[in-house]
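The values are calculated or read from the model by the stated rules, or taken from the named source; none is laboratory data. Here the structure is a predicted model, which is why all the values come from computation and not from measurement. Every residue, glycine among them, receives a Cβ derived from its backbone with ideal geometry; neighbour counts consider all protein chains shown.
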Amino acid sequence: MRVAVIAVQGAVSEHVEAVERAMERMGVDGRAIATLKPEEVRESDAIILPGGESTTIGKLIWKNGIAEEIIRAANDGRPVMGTCAGCILMAKHGDEQIERTGTRLLGLMNIWVKRNAFGRQRESFQTMLKIKHIGDFEGVFIRAPAILKAGEEVEVLSTLEEYIVGAKQNNMLALAFHPELTGDTRIHEYFIRMAL
Ligand code: GLN
């Protein structure tokens, strides 16, 4: 199995390592690659869109043809996971900040996202989350977005205060936090299982 981690910016190598450690634990034969090549994305069994700056990542993936490949993969039923800025880009509906910056979303999941939802006082923080199918999981939030609302076909996986911070729609996952930064590979294992 091959998992593509879109390598514009953010914790790309951490995602690659988390996938490889998860595969090893599960006894799955495969590897993760950090890539910016549309054809490599096309040939992958699953795709991860990491965090970073959604404005920058958005621009680049639409410019170099990766956005179309992510959409094609999602439509084919291959698993796609967006974390933090990636969570924003997975959405169909953005807030006014996303609109103001002209960020073009992938429009894959029926979720309403808000950029930098947790405010200035709490730019980054860690907190224990309860995640459906996973259990207790340490959530690392870095200038994190939140999901304000989820459409009917979306399964809410986790909430924090009034926000949704984890959601699943068929073969797609959107997480407002960074599962690659804790050393706990259970979310990556769950994601890989979606691709088996
Ligand atoms: N604040 C960033 C954005 O809106 C996301 C932060 C992150 O990915 N760590 O794009």
Out of G102, G10, G86, G58, I need the residue that is part of a loop (DSSP other than H, G, I, E, B), within 15 Å of the ligand (Cβ to nearest atom), small (G, A, S) and at pLDDT 95 or above. Which one?
G102
Regarding S158, is this residue loosely packed, with under 15 Cβ neighbours inside 10 Å and hydroxyl-bearing (S, T, Y)?
no
Is there a residue in the stretch 25-48 that is within 16 Å of the ligand (Cβ to nearest atom), in a helix (DSSP H, G or I) and surrounded by 23 or more Cβ atoms within 10 Å (Cβ to Cβ)?
no
Filter the stretch 55-69 for residues that are under 24 Å from I192 (Cα atoms) and surrounded by 16 or more Cβ atoms within 10 Å (Cβ to Cβ) and give the result.
I57, I61, I66, A67, E69
What residue, of A150, A174, A195, is within 16 Å of the ligand (Cβ to nearest atom) and out of contact with any Leu (no Cβ under 7 Å at 6 or more places or on another chain)?
A174
Residue ID - nearest to the ligand (Cβ to nearest atom), chosen from residues in the stretch 177-192 that are under 14 Å from the mean Cα position of the chain (by Cα) and not in a helix (DSSP H, G or I)
H178
Scan the stretch 71-83 residue by residue and report those that are more than 15 Å from N170 (Cα to Cα) and either without any contact (Cβ under 8 Å) to a residue 24 or more places away in the chain or in a helix (DSSP H, G or I) (or both).
none
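Looking at V3, V16, V113, which is the one that is buried (at least 21 other Cβ atoms within 10 Å of the Cβ) and either within 16 Å of the ligand (Cβ to nearest atom) or in a loop (DSSP other than H, G, I, E, B) (or both)?
Answer to the check: V113.
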For I192, state whether it is within 27 Å of S44 (Cα to Cα), among the β-branched types (V, I, T), modelled with pLDDT of 95 or more and surrounded by 17 or more Cβ atoms within 10 Å (Cβ to Cβ).
yes
Please tell me if A11 is more than 15 Å from the chain's Cα centre (by Cα), in contact (Cβ under 8 Å) with a residue 60 or more places away in the chain and surrounded by 21 or more Cβ atoms within 10 Å (Cβ to Cβ).
no
Would you confirm, using the coordinates I've provided, whether F118 is within 16 Å of the ligand (Cβ to nearest atom) and touching a residue at least 60 places away in the same chain (Cβ under 8 Å)?
no
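A quick yes/no check of all residues on (1) without any contact (Cβ under 8 Å) to a residue 12 or more places away in the chain; (2) surrounded by 21 or more Cβ atoms within 10 Å (Cβ to Cβ); (3) touching a Pro at 6+ places or on another chain (Cβ under 9 Å):
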position	(1), (2), (3)
M128	yes, no, no
E153	no, no, no
M172	no, yes, yes
T182	no, no, no
Those residues of the stretch 61-83 that are within 16 Å of the ligand (Cβ to nearest atom) and farther than 20 Å from H15 by Cα come to a total of 1
Restricting to the stretch 57-100, and then to whatever is polar (S, T, N, Q) and within 22 Å of V165 (Cα to Cα), can you tell me which residue is nearest to the chain's Cα centre (by Cα)?
T83
